[in-house]
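Working notes for the structure below.
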Amino acid sequence: MAEFCVQCYNRINQEKTYPSDYILSFCPELCEGCGKYKRVIISRTPYWDNRFLFFNIIYEIFLLIRELFVYFYNRKNK
Ligand SMILES: [Zn+2]
């Protein structure tokens, strides 16, 4: 999956998005649009998450913990 930062994502898709519309990566990653290390969009928030904000927060925490695991796992194995 191509990874883009918020600015590039909006430019490519020609749409206005809001912070609640997507989930950003915890660590900076290479944006394929501008080639800079920025927090990229992991996924779009499913439409029903706006109605169930509590679940959205839980999901965000889950993604964050998962990224932390990946981050420390990669550090350990260098
Ligand atoms: Zn970018």
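See the values below:
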{"read-out": "Local electrostatic count, E32, Cβ distance below 15 Å [Lys/Arg +1, Asp/Glu -1]", "value": "+2"}
{"read-out": "Those aspartates and glutamates that a straight Cα-Cα span of less than 20 Å connects to K36, excepting residues fewer than 8 apart in one chain", "value": "E3, E67"}
{"read-out": "Dipole magnitude (debye, nearest 20) for the chain, charges at Cβ of Lys, Arg, Asp, Glu", "value": "280 debye"}
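Readers should treat all values here as calculations from the given coordinates under stated rules, not as data from a laboratory. The structure presented is a predicted model; accordingly, all values stated were derived computationally and were not measured. Using ideal geometry, Cβ is built from the backbone for each residue, glycine included, and neighbour counts are taken over all protein chains shown.
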